[in-house]
Amino acid sequence: MKNKERHQMDERKHYLGASEAAAIVGLSRYRTPLDVWMEKVGQSEGQEETLAMRVGTALEPIVIGLFEETTGEDVIDRQKQILHPDHPFIRATVDGVTNNAVVEAKTSGSHEGWGEEGTDEVPVEYIIQTQVQMAVTGLEIAWIPVLIGRSDFRVYKIRKNQYLIDAIIEREVTFWELVQTKTMPEPKTLSDLSLAYPRDTGAIAIADESLEELVNKLSQLKEEEKTIGEHMEQLETQIKSFMKDSPILVARDGRELCSWKTQKSSRFDSKRFKMEQKDLYNQYKKEAETRVFRIKKGE
């Protein structure tokens with residue numbers, strides 16, 4: 001990790017950014033409150049920057065330029081960090097502002113979550129993010145210009161909702177207390193539980209009657225899942241046996257039912273690398289610990 005990126009991550013431990021608000025209130029599709037908490041208390045390195053995120057950052061000036069051309073608005077104060085007037089640990093780095101609105105530029109590879117242009121029908125994460133931005137800037141409107149794919153440019157309008165803002169800020173204040181006291185928020189997902197309890201202590205947990213019933217129910221569902229999986233495999237085998245080397249299966253009326261096409265991909269041959277470059281392999285291999293969950297079948 002570069003020194004600049006490390007510095008930015010260390011800085012982010014000291015405040016809650018607007019883009020983190022959706023995760024904190026439990027409305028993010030990608031992160032949970034525990035993910036953010038782990039980052040703030042230094043127990044994880046935070047969300048790794050993806051290629052899509054880097055591309056979005058690179059295209060941001062283009063999206064803002066398209067917004068200015070489309071609306072005639074001038075966007076100033078780009079990438080300016082603004083603190084909440086009452087809670088300085090709540091901050092927003094705005095992509096820019098006009099004379100009366102926040103501008104939050106986006107890119108998307110999919111139309112999913114994006115409604116009719118000019119409305120506020122945008123992914124929920126961006127509703128939460130822009131409400132926080134309006135809370136810290138005091139502005140009443142947020143524009144979200146978005147480039148979907150390579151050719152669909154749209155502009156959405158989000159109005160300030162004080163009731164929603166109050167609810168978000170209240171949750172963030174409570175969350176920040178958990179950060180300051182290093183009190184872990186309740187895990188919400190399986191990945192959360194793996195983060196919260198990465199190793200066992202050796203102590204035995206004793207189930208009560210209700211928990212034993214849950215284990216039995218899960219065991220039953222897993223057996224049903226196995227049966228369904230086997231049936232699915234049988235059906236797929238029959239279909240592929242009929243298709244043989246045909247790439248597409250169509251119905252009698254011409255509708256495409258399914259495809260079985262040849263695709264090429266590049267994969268790293270780790271076995272060969274280990275055999276031919278053993279010293280180099282040993283130098284870069286990394287041990288990892290995981291907890292494996294198994295249900296014991298009854299006698």
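General remarks:
- Among the candidates E289, E236, residue that is in contact (Cβ under 8 Å) with a residue 24 or more places away in the chain and either more than 30 Å from D200 (Cα to Cα) or among the acidic types (D, E) (or both): E289
- Lone unmet requirement of (1) closer than 29 Å to P61 by Cβ; (2) polar (S, T, N, Q); (3) surrounded by fewer than 18 Cβ atoms within 10 Å (Cβ to Cβ); (4) at pLDDT 95 or above for S151: (4)
- Yes/no for T71 being surrounded by fewer than 11 Cβ atoms within 10 Å (Cβ to Cβ) and β-branched (V, I, T): no
- When the stretch 74-85 is filtered for residues that are without any contact (Cβ under 8 Å) to a residue 60 or more places away in the chain and in a loop (DSSP other than H, G, I, E, B), the ones remaining, listed by number, are D74, V75, D77, R78, Q79, P85.
- Picking from residues in the stretch 102-131 that are in a strand (DSSP E or B) and in contact with a Leu (Cβ under 8 Å, 6 or more places away or on another chain), the one that is surrounded by the most Cβ atoms within 10 Å (Cβ to Cβ) is V102.
- Qualifying residue in the stretch 163-180 (condition: on the phi < 0 side of the Ramachandran plot and in a loop (DSSP other than H, G, I, E, B)): no
The values are calculated or read from the model by the stated rules, or taken from the named source; none is laboratory data. For clarity, every value in this text was computed on a predicted model and none was experimentally measured. As a convention, Cβ positions derive from the backbone with ideal geometry for all residues, glycine included, and neighbour counts pool all protein chains shown.
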